[in-house]
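Only one structure is covered here, and it is reproduced in the block below.
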Amino acid sequence: MKSIRFSTTTLLSTTAIAATILAAAAFQLTSAAAPVQTVTITAQRMTQQQKLAYDIQESGQMMQVVQITGKRLSAEEKLALDRYDQQIKQAKVRVHKKPQLLV
């Protein structure tokens, strides 16, 4: 009885291994040498007038203007901003600090 079980097990194992090998061979990818594609992009440099015309065309005939103004800070104003930034950083550290266990 043991020899039947052994031979059955051997036969099933061999069949499983053969099926695995055949399935792997059936789905194995073959690498075909694909031609290397080359893309060449050429363009002329745009003049300022062409850039402006393109921007107007893309923005829908509406030109947007951004105006940035500022003033130079005095030494006292710089110190005040630095102190304010330091206070914000300390407050963030206090919030993110892990509570210590009391023993």
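Taken together, the values in this text are just the output of simple stated rules run on the coordinates, not laboratory data. These figures come from a predicted structure and were not determined experimentally. Here the Cβ positions follow ideal geometry from the backbone for every residue, glycine too, while neighbour counts run over all protein chains shown.
Working note: Debye formula, equal point scatterers on the alpha-carbon atoms of the stretch 41-83, no solvent; log10 I(q)/I(0) at q = 0.18, 0.25, 0.26 Å⁻¹ is -0.67, -0.95, -0.97. In this label model, residue 34 and residue 11 are separated by 4.7 nm, measuring between points 7 Å along each Cα→Cβ vector. Sparse packing (at most 12 other Cβ atoms within 10 Å of the Cβ) combined with a DSSP loop state is found for the following trypsin sites (Lys or Arg not before Pro) in the stretch 32-91: 45, 71, 72.
Once both labels are positioned 7 Å from their Cα atoms along Cα-to-Cβ, the gap between residue 54 and residue 82 label points is 4.5 nm.
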